[in-house]
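As structure tokens, the structure follows; a few thoughts come after it.
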Amino acid sequence: MDYSIEIDKLTKIFNGKVTAVDNVSLKIGSGQIYGLLGQNGAGKSTLIKMLTGSLTPTSGTAKIAGLDLTKDSMKIRKITGVVPQDLTTDGDLSGRENLKLIADLYGIPKKEALERIDVLLHMVDLYDVRDRHAENYSGGMRKRLELACGLMNTPEVLFLDEPTLGLDVTTRENLWKYIRSVQKEFHITIILTSHYLDEVDALANELSIIDHGKIIISGTSDELKKSLKGDIITLKVKNDDEYSKLEKFPESLEIKRMETGDVRMKVNNSDEVLPKLMKFLGENEISPEAISIRKPSLDEVFIEYTGRNINSEAGNTDYAKLMMGRR
Ligand SMILES: Nc1ncnc2c1ncn2[C@@H]1O[C@H](COP(=O)(O)OP(=O)(O)OP(=O)(O)O)[C@@H](O)[C@H]1O
């Protein structure tokens, strides 16, 4: 396989204390959208900043399109595009002026720059508002302008750091359309960081889960889901005694207690197992406050490998929940 990015034991320790990226090794194939999925503070931005040359690694190496991160940093800047988390475009300039500014920074000849600006403005559907000040764009339009800026130097590799952060659901999904079309039109490799499971699931051909600076698991979304080998039943039990009794349930393939105190049980087929579980609960006088059943999904993968929900505040609203009403 042809690799766009080869990372070898990359580490970043801030102030000799905070290990933001911890010994990461990863190979990313050319021409795909690769997702780096992790909670806030997991180390995604730090990894991207090292790969794009804005942070020096504490140790380790990486190659971008065959170029060495430490030796060829200038060349790497020329062949990579970055759309950072924060807005970089100037609100006092129009969309077109912002793109012109980037073209000047890259030293792109004027005629070529003007042609490319038009192509990009059409691509992100901003051509009609090209002369409007960027500060008057909506959140989604502004992000699309950022995307176009990241493409101005026709990069081989494009880094998108939390591209839809802070956007509403509809605008996020709309932006996904543009990200897909960029990858399709330009055949470039896109590295996308996100803490939105649905985003990574929808866009990435392959992904890695990053937690506390480490890569926990990598693969396609389907591979990761299949690795769960079964359905998950989560029970909110009252105490250790109930947990000990539950451990004896014969149909359970695996059972563990989460940081939240919930019990997570893996079973082959929840449809068949559930009636048996209900009988077992009754016979053993276990009365959980809630039971939820989940088929393999990317959020389940995240919980399985990190022990936590990716967005604890979001709660469990996504899941089919079976409440038992015994509060
Ligand atoms: N310049 C810095 N100095 C000290 N610590 C830092 C610095 N930058 C990041 N960190 C720490 O490194 C860890 C990883 O941060 P990073 O921004 O890479 O995470 P992230 O996964 O991108 O999250 P987010 O999306 O919220 O930015 C965090 O603990 C963060 O506080």
Problem - Segments classed as helices (runs of 4 or more DSSP H), wholly inside the stretch 1-108, with at least 1 members that are in contact (Cβ under 8 Å) with a residue 40 or more places away in the chain and within 11 Å of the ligand (Cβ to nearest atom) - result: 44-51
Exercise for the section: State yes or no: is ILE117 surrounded by 21 or more Cβ atoms within 10 Å (Cβ to Cβ) and over 25 Å from LYS44 (Cβ atoms)? Expected result: yes
Practice task
Output yes when any residue across the stretch 39-48 is among the basic types (Lys, Arg), surrounded by 15 or more Cβ atoms within 10 Å (Cβ to Cβ) and out of contact with any His (no Cβ under 9 Å at 6 or more places or on another chain), and no when none is.
Solution key: no
Practice task
Please go through the stretch 122-135 and pick out each residue that is under 19 Å from ASP86 (Cβ atoms) and either open to solvent by 50 Å² or more (accessible area, probe 1.4 Å) or at pLDDT 95 or above (or both).
Solution key: HIS133, ALA134, GLU135
Fill in the blank from the handout: In the stretch 256-299, anything among the basic types (Lys, Arg) and under 13 Å from ILE233 (Cα atoms) is listed as LYS256, ARG257, ARG264, LYS266, LYS276, ARG294, LYS295
Handout entry: Matching strands (runs of 3 or more DSSP E) fully within the stretch 131-239 where at least 2 residues are in contact with a Lys or Arg (Cβ under 7 Å, 6 or more places away or on another chain)
Key = 231-236
Exercise for the section: Name the residue, out of GLU223, GLU199, that is under 26 Å from ASN40 (Cβ atoms), more than 16 Å from the ligand (Cβ to nearest atom) and either of a type outside the set (Ser, Thr, Tyr) or more than 17 Å from the chain's Cα centre (by Cα) (or both). Expected result: GLU223
Problem - Output for the stretch 225-257, where each listed residue is at positive phi and not charged (D, E, K, R) - result: GLY230
Problem - Yes/no for SER244 being at pLDDT 90 or above, among the polar types (S, T, N, Q) and in a helix (DSSP H, G or I) - result: yes
Exercise for the section: Evaluate the following for LYS248: is it open to solvent by 40 Å² or more (accessible area, probe 1.4 Å), among the basic types (Lys, Arg) and within 16 Å of the ligand (Cβ to nearest atom)? Expected result: no
Handout entry: Residues satisfying the stated conditions in the stretch 241-280, i.e. free of Cβ contacts under 8 Å to residues at least 12 places away in the same chain and of a type in the set (Gly, Ala, Ser)
Key = SER244
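The values are calculated or read from the model by the stated rules, or taken from the named source; none is laboratory data. These numbers come from a predicted model, not from an experiment. No Cβ is skipped: glycine too gets one built from the backbone with ideal geometry, and neighbour counts run over all protein chains shown. Note: areas computed on protein heavy atoms with side chains; ligands, DNA, RNA excluded. Shrake-Rupley method; radii C 1.70, N 1.55, O 1.52, S 1.80 Å.
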